[in-house]
Amino acid sequence: METMTSRHLLLVSLLGLVACRDATGKQEEVAVRAAPVAPTTNPTTSIPAAGSAPTPAAGSGSAAKVKDPQKGDKIDNEWVPAEFKTGAARWKDTGVYLDGKPVAFLTWGELPITLKPTWLKDKVSANKRPGSTDLGWRWGQQRFYRFIDYLKALGIDINKVKEMHVYGPRFSESVIASRADLQSPRANDFMFRFGGNVNGKAIPRVPQGFGGGRPPDKISAVMIYMEKKPPTLDSEGFMLDGVPQEGVPYYGEPIRGGVRVYLDNRLAAIIKRQELDPTAAKTAANGELEWSLGAFLAAQGVDTSKVVELWAIRDDKRADKFPASDISAMTFQASSQAKGGVLLTDKLIRANAIALHTRALEPADMPITTADDD
């Protein structure tokens, strides 16, 4: 049996050699035909040059290291910081832009302090006693906010707004509200709420027949046009003079991340750790770099001369108050221990946003939560 197997192998080899010769008896050169290759933005191995040895895959053993398509391995040039991700992740933070300029972000903790909710009747769950005729629900209230009230709280005159665009997760899912729409009685029912009532993503409530477009199930961004020409929405998305608008019209990539600083309800500056100048910092007692808040605000053009108090916003609430006299001497750290915020003063008070006010806030100004918010 072994002899027969060897003979068969020898015969197959000879036939292979004959097949590789042309009609003149010369040996044909075997050429590698290039296969069509689709480009990839995240190769896990490199293609070696002809004649060179293959490059081993990264990682231990023979297993190739698979990199995150967005982050790479966090130590090479393929890593994309969160602020510069593409696709749906670009719109994670719900920015509000006026003629292409960021003026606010739509989170419950960063709403204008003068904006009050509109309460709508809503069914909420309730305990049902065993053996009873309890319905298992009761009438409660759900908080909504009118868009026209929100614009007024930002100091925007709705009578001068050309159009307001409320983006959804897809451009095709957007609401186009004209000046006439915002001035109509139906604008009182054009509202938004938050998924967790006092946290989470903003969700629109659009009355039947209001505006153009198709209402989304959540809000990705809000664009307001007063001076600039509004883009138009077609089957391809938003267009401005024939140019597709993949980002924020008149601005570019949407803002993502950072600690927002507000002055009387309007966005005044954003603190981003990767943009801070380390040469302007000093080393704190805990070994971390710290910066002067007053110097940072001045460099950003924020006028604090009329500011009365500063509030640190944490967990969607105005949590800590500081008098204006503290601002010039106040420091902040932007280490990873800040959990997406900054740490103020030597007490390391966390702030995920900062609100500056030119008047002292009263207890009645503070938003309150109810049992129906839970």
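Of note:
- Pairs from the table (LYS201/LYS317; LYS152/LYS218; LYS92/LYS201; LYS201/LYS228; LYS121/LYS218) lying more than 18 angstrom apart at Cα are LYS152/LYS218; LYS201/LYS228; LYS121/LYS218.
- Taking other C-beta atoms within 10 angstrom as a stand-in for reagent exposure, MET191, MET223, MET239 fall in the order MET239, MET191, MET223, fewest first.
- Packing-based exposure ordering (other Cβ within 10 Å, fewest first) of ILE354, ILE270, ILE327: ILE270, ILE327, ILE354
- Within segment 259-365: Cβ-based charge dipole about Cα centre, in debye rounded to nearest 20 (Lys, Arg +1; Asp, Glu -1): 180 debye
- Sites matching chymotrypsin sites (Phe, Trp or Tyr not before Pro) across segment 282-374 that sit in DSSP coil, with at most 10 neighbouring C-beta atoms within 10 Å: none
- Across segment 259-365, the relative contact order, built from alpha-carbon pairs under 8 Å that are at least six residues apart, equals 32 percent.
- Trypsin sites (Lys or Arg not before Pro) within segment 222-281: DSSP coil, no more than 15 neighbouring Cβ in 10 Å: LYS272
- Considering only SER335, THR279, HIS357, and ranking their Cα positions along the charge dipole of segment 259-365 that arises from unit charges at the beta-carbon of Lys, Arg, Asp and Glu, the one farthest toward the positive end is SER335.
- The local environment of ARG214, defined by Cβ-Cβ distances under 12 Å, has a net charge of -1 under the rule Lys, Arg +1 and Asp, Glu -1.
- Annotation for segment 305-321 versus segment 248-280: alpha-carbon center distance of 17 Å.
- Shape annotation for segment 259-365: C-alpha extents along the principal axes are 40, 27, 21 Å, from largest to smallest.
- Charge context of ASN197, other residues only, Cβ under 11 angstrom, K/R +1, D/E -1: -3
- Order of LYS339, LYS229 under a 10 Å beta carbon neighbour criterion, fewest first: LYS339, LYS229
Each value in this text was obtained by applying a stated rule to the coordinates, not by laboratory testing. Fair warning: this is a prediction, and the values are worked out from it, not measured in the lab. A quick note on method: Cβ atoms are made from the backbone with ideal geometry, for glycine too, and the neighbour counts reach across all protein chains shown.
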